[in-house]
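The values are calculated or read from the model by the stated rules, or taken from the named source; none is laboratory data. None of these values were measured; they are calculated from a predicted model. Cβ placement follows ideal geometry from the backbone for every residue including glycine, while neighbour counts extend to all protein chains displayed. Note: areas computed on protein heavy atoms with side chains; ligands, DNA, RNA excluded. Shrake-Rupley method; radii C 1.70, N 1.55, O 1.52, S 1.80 Å.
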Amino acid sequence: AFCLDGVVASEKVKSNNLDGAVTESEIKTEERGTEEESTMESDSNILDVSPDFPREKHISIQRHLADLEKLADLKADEKKPCPLCPEEKFKACYSHKLHRHLQNLHWKVSVEFEGYRMCICHLACRPVKPNLVGDQTFSKMGAHYHCIICSATITRRTDMIGHINRHVNKGETESRLITVLTPKSSHKVLKESATDVQVLPNYSTPQKTDSYFNPKMKLNRQLIFCALAVLAEERKPIECLDAFGATGIMGLQWAKHLRSSVRVTINDCNENSVTMIQENCLLNKMKVKLNTREDDNDEAMGDGEENTDTIEVTKMDANVIMHLRSFDFIHLDPFGTSVNYLDSAFRNVRNLGIVSLTSTDISSLYAKAQHVALRHYGCNIIRTEYYRELAARIVLAAVTRAAARCNKGIEVLLAVALEHFVLVVVRVLRGPSPADDSAKKIRYLIHCQWCEERIFQKEGNMVEENLYQQLPCDCHGSLPGKTAVVLGPLWSGALFNTGFLRRMLFEAVQYGLDEVQPLLKTLVCEAECTTFKHFSAHSPYDENKQEECGVYIKTPQTPAESSLIPGKRKCKELIQSAAKRQKSENSAEHPAFYYNIHRHSIKGMNMPKLNKFLTYLSEAGYRVSRTHFDPMGVRTNAPLAQFKTILMKYSTPTYAGGQAEGPVHLPEDVQAVEQVQAAGDAEFLEDDKSGVTATAFAEDHPPGCEAD
């Protein structure tokens, strides 16, 4: 009897949902278990009004207000209850009043998603804990929303919006009752440098997706591509690794533009990212060679036409694949710091290869989290005016120590620190001698906190009595207390290689990378410590540029020359010539650090224009250039005192009327500097004037007269 009544009750529910809900729940409780009861009870509140939707949904989820009014079956001469409110909350009323109720209470506060409106519901779908007052029990019906994706009930509208956004960020736009993959329509296809990649809607948030893609890092990707293109001109083919592929955009650009010159391997430890990389390879008409086994590391791709447009995709930990295989070019771009992967990167990288790494932990590198910098890099830092260059030297010091542990030295080719990242590109020189030479360039920095003068500590392990004597300033003698701090250890060598940067600029022009060309021109001028006025765009592949970093390279003008064989040691003659060349280049290195012209401006004075100020410094006999680290920074070998003197000399008073009324009253520090300069001139003029004055006095006054 129960079964028959249950069937009849179920049919009644399907025909009239509102009247049969209570009857069916009572029958299910007597006949079936708790799990089946909850399932059927949720089905009693489902009305399928949209057959094209992938599953049935709750009656509070509608496309239009008219669909919600159809549920109430509005008639002008009859009273109808609200389909989303219980009888004790909203009594039955006529159509005009019910229409206003549905529109103002339910429809206006709904949450929209893909053309559907999730209206607020007051039915007994979400039981609320009863309140006990004396002997009476009050059961309250809570207002809530029904999620269109997972059927969850959420009380607040703001929480419902956040709940839907979390589903979208995870790529969950289907019902949880249907176990299917995310439809391809949710993938967004982006294009960068003639390379197409499909990404999820939350591609720019790394915490919420496996396939992270940051459009702001386009400049970073172009710099790395130019560095790889320069290496591809030296020897072909080269094996390059993108250790953290994510969407595979970087490896795809390498393979698509450099073609047979490179053998690209894209690695990622996440299975979803590996699947996305394979799809992006097929999207760009690239052949995919999948390797997910760690023991299948000796399998090499042969030469010939088989390798054309073929990308190897691996699913391994980055440390594992770099330990197992050797590469000519390795790029590390993890989320955060990259110090955990440096030992593996330098263990098997081939001689004269290139390692590039991008660090995005700018909070620690830019001295916002100093304790994190001490923990990751073993470096003591503070916030200074040159904090970006300080960050680049911190990363280079960590790279140098990791390479030295593997008996390898480095030659810094490029160091860039911008708003979102710090990029370092180094060439690997195998052998204990280059390792020792590189390790000697790690020093401590003495920084004055009053005038911000700075200087690297002298070489040697002897303890000095007074480190303040190394600073050019005299703040310690004129000011009380301790005025300087010791920062580091830091990389004290050059940050750029002029020949390599010029060839990168040449490759950027060849491949039409317009966004990176202004930055590369700035880097070339910064490496040469010259201004844009003296910038020359001669070809980087001249005969006198064939030797770079102590390494002989293959250039297009000399195709008959044999390129260097990866992994082979250089002969003694090349090593000796490299040492001689490096010694001769040490004197021509660009000055360390820079000064911000606004930081040292004079109160009450207008500074000269930056380009004019560079000209004034150059006319004074100092090397000078702008820097990419700071738009208002000046890289120069002039001491800070002389820097301020020239800045004061060519600054004008803020008030223009002061010059017409009388002499300009300069600040005390300006007057002190001018007095020092005038004292030297007075000494030269005193001797000349004394002779002239004595002669005039003898002519005007006879021997018997006395001067008044």
Do any helices (runs of 4 or more DSSP H) lying entirely in region 195-285 carry at least 2 residues that are under 17 Å from the mean Cα position of the chain (by Cα), and which ones are they?
218-234, 249-258
Please give the number of the condition P489 fails out of (1) assigned to a helix (DSSP H, G or I); (2) in contact with a Phe, Trp or Tyr (Cβ under 9 Å, 6 or more places away or on another chain).
(1)
Kindly check whether there is at least one residue in region 415-425 that is of a type in the set (G, A, S) and buried (at least 18 other Cβ atoms within 10 Å of the Cβ).
yes
Mind checking whether some residue in region 613-632 is under 20 Å from C473 (Cβ atoms), outside the structural domain of Y387 (by the TED database) and in a loop (DSSP other than H, G, I, E, B)?
yes
For V412, only one of the following conditions fails: (1) under 28 Å from the mean Cα position of the chain (by Cα); (2) outside the structural domain of N348 (by the TED database); (3) among the β-branched types (V, I, T). What is its number?
(2)
Determine whether H376 is buried (at least 20 other Cβ atoms within 10 Å of the Cβ) and in a helix (DSSP H, G or I).
yes
Could you check region 234-277 and list, in sequence order, the residues that are among the small types (G, A, S), under 18 Å from T358 (Cβ atoms) and open to solvent by 10 Å² or more (accessible area, probe 1.4 Å)?
A246
Just to be sure, is V349 buried (at least 19 other Cβ atoms within 10 Å of the Cβ) and more than 24 Å from the chain's Cα centre (by Cα)?
yes
Test result for A402, among the small types (G, A, S) and either within 25 Å of R635 (Cβ to Cβ) or part of a strand (DSSP E or B) (or both)
no
Of everything in region 462-483, what is open to solvent by less than 70 Å² (accessible area, probe 1.4 Å) and free of Cβ contacts under 8 Å to residues at least 24 places away in the same chain? Give them in sequence order.
N466, L467, Y468, G481
Give the residue that is farthest from A402 (Cα to Cα), with candidates limited to residues of region 507-521 that are crowded, with 19+ Cβ neighbours inside 10 Å and not small (G, A, S).
L513
Test D333 against the criterion of being touching a Phe, Trp or Tyr at 6+ places or on another chain (Cβ under 6 Å) and charged (D, E, K, R), and give yes or no.
yes
Look at region 102-125 and say how many of its residues are surrounded by fewer than 17 Cβ atoms within 10 Å (Cβ to Cβ) and assigned to a helix (DSSP H, G or I).
2
